[in-house]
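Peer 1: Pasting a structure below so you can have a look.
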Amino acid sequence: MSKKSRTTLTVALLGFLCLGVLGVYIIGRGLTNRRGNAFAALPEGAPAYTEKQAEEIIESLIPLVEKHAGRKFTERPVFKIASRDDLIESLSSDLEAQMPALMPSATAVQIEELARQQATFMSPVLLGKYEFLDNTLYLLPRNVKPLMELAGVDGKYEDSLVKLVIAHEMVHVLQNQELLLAPRLSSLKSIEAGQAFNCTIEGHAVLIQDAIGGELGLDDAVRELGSMMSAGAVKLDDSLLEMFNNIIATQFEQIYIGGRKFMEYHFEQGGTERLWDILAAPPVNTAMILNPETYAPELEHEYDYASILYGLESEFGDRDWLIQNMQVGEIMLRTVYATMPKEDMERILSKYQHVQTLVAQQANPLVMANISVCHLTDSKSADDIIDTLDNLAVKNMDAIKSSPMVESVGLDQEDFDFTDVDRARKTVIRVNAVGGGSEITLFYRIVRGNVMVEIMTVGLELTDLKATEIAELVFLRCSEAGIR
């Protein structure tokens, strides 16, 4: 592993150790380098089916998909037997179309790089993918056997799983036919809205796929595929990579399984047409996915949280920053709290009204600065949140000490003096990678009333005085906006 890839992985890891409010795309930045990707070494296997067999499967599934989705194909689905390299090219184009609206400060070169990193990371773990830009099903028969083996799924389910996966992707064909997904996805203005929409379309496809499996008598295969979509299906020997694996698997579980539960709830309320109504007007945040009875196609925020953080990257110097100012919704919070005990997670999540994060990164040299404004339900919530996240940091640091990628770690946590605040907490994390390369992460949580300001830097010097100056600026903006 190169020094650069180790450092990138460390930067991404530290964000999750104690921050808990970092953009999910940073996972990709930490793991996409092929030497740092836990799944990159997973070789392609013998193809699970041929092009002719795929054609026969699609033909047999058309009437079943139409029956359970309640829509007719206007033309036969087009498919391509794809290699991972084919998928990377297709998926990169797909992601490039979505990223500009989500990352308006990014240059075309940065968008292209991030899209390819994400596509490269995902290519070993996908069994199929519908590309809405060219209206083609990309099927990856050479990924089937390795992923089944990795997840511990009996080979006897191979043919059934292939049918379910293809049925799933065919639902996306119908979705695009009816709704034109490309302009909808490219118009989404936030990661939170994008995640909610993704949960909706994937949950719909899982629901239809499972209904088809039930009609075909493939109930065992449906359960196995559901298990493959769930956190904990894959275990890795390296404790550091296992932590990343757990985080990523939790994200997938909430999108696919959580999305399915959301769509199933609404199917029970209004049948097939209710689902198409929701697809046409998807929920605007992920809390609605996890609490389907709260669904609404529009939501007005009482406060403009993004404006509170606007431009604060300048506090860390004039650099070539890649900026993202985003709401951190419930699914993202649950993802980054994946290693937290469930009872702690549920308690802590109930204490947030809103979390908004400004993430600023520079690629060369690789540095990160992060400011979050956490609007809490009451002034008594902060101590519990801080203490719980302190414990989580300790637990996660202990877990990675046995990783062969890490030489040594250090963790210091202490309160510090800051006039006229309810609490000011500082964390210092030191990680030395095997073979060289070290990082120091500074982390601050500063609380006044119902507002907690979180500040993190990696590869940047930050004094306590500067941290308090930034926090005061955030508090002032919150006060001016009526947030207290």
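Peer 1: For a quick check of your reading: which helices (runs of 4 or more DSSP H) sit entirely within the range 129-241 and have at least 3 residues that are under 25 Å from Met326 (Cβ atoms) and at pLDDT 90 or above? Break it down stepwise before answering.
Peer 2: Values: elements: 141-150, 158-179, 181-187, 191-215, 219-228.
Hits in the range 129-241: 191-215.
Peer 1: Okay, next question. On the basis of being crowded, with 20+ Cβ neighbours inside 10 Å and assigned to a helix (DSSP H, G or I), does Gln110 make the cut?
Peer 2: Numbers: crowded, with 20+ Cβ neighbours inside 10 Å: no; assigned to a helix (DSSP H, G or I): yes.
No, not satisfied.
Peer 1: For the range 145-168, how many residues meet the condition of being touching a residue at least 60 places away in the same chain (Cβ under 8 Å) and within 22 Å of the chain's Cα centre (by Cα)?
Peer 2: Summing the residues that are touching a residue at least 60 places away in the same chain (Cβ under 8 Å) and within 22 Å of the chain's Cα centre (by Cα) in the range 145-168 gives 4.
Peer 1: From Tyr256, Tyr295, Tyr265, Tyr305, grab the single residue that is under 28 Å from Ser379 (Cβ atoms) and modelled with pLDDT of 90 or more.
Peer 2: Answer to the selection: Tyr305.
Peer 1: Only residues that are among the hydroxyl-bearing types (Ser, Thr, Tyr) and more than 17 Å from the chain's Cα centre (by Cα): list them for the range 93-120, please.
Peer 2: Across the range 93-120, the qualifying residues are Ser93, Ser105, Thr107.
Peer 1: With a cut-off of at least 1 residues that are touching a Ser or Thr at 6+ places or on another chain (Cβ under 9 Å), basic (Lys, Arg) and surrounded by fewer than 18 Cβ atoms within 10 Å (Cβ to Cβ), name the helices (runs of 4 or more DSSP H) lying wholly within the range 251-366.
Peer 2: Hits in the range 251-366: 342-349.
Peer 1: For the range 181-236, which positions are of a type outside the set (Lys, Arg), open to solvent by 20 Å² or more (accessible area, probe 1.4 Å), under 19 Å from Trp276 (Cβ atoms) and free of Cβ contacts under 8 Å to residues at least 40 places away in the same chain?
Peer 2: Pro183
Peer 1: Just give me the residues in the range 380-402 being open to solvent by 70 Å² or more (accessible area, probe 1.4 Å) and either part of a helix (DSSP H, G or I) or farther than 23 Å from Asn432 by Cβ (or both), in sequence order.
Peer 2: Residues satisfying the conditions are Lys380, Asp383, Asn391, Lys395, Asp398.
Peer 1: Failed condition for Ala48, given (1) surrounded by fewer than 17 Cβ atoms within 10 Å (Cβ to Cβ); (2) at pLDDT 90 or above; (3) of a type in the set (Gly, Ala, Ser), with all others met?
Peer 2: Failing condition for Ala48: (1).
Peer 1: Now for a separate question. Test Ile88 against the criterion of being β-branched (Val, Ile, Thr), modelled with pLDDT of 90 or more and assigned to a helix (DSSP H, G or I), and give yes or no.
Peer 2: yes
The values are calculated or read from the model by the stated rules, or taken from the named source; none is laboratory data. Because the structure is a prediction, the values reported are computed rather than measured. Backbone-built Cβ (ideal geometry, glycine too); neighbour counts: all protein chains shown. Ligands, DNA and RNA are excluded from the accessible area calculation, which covers all protein heavy atoms including side chains. Shrake-Rupley method; radii C 1.70, N 1.55, O 1.52, S 1.80 Å.
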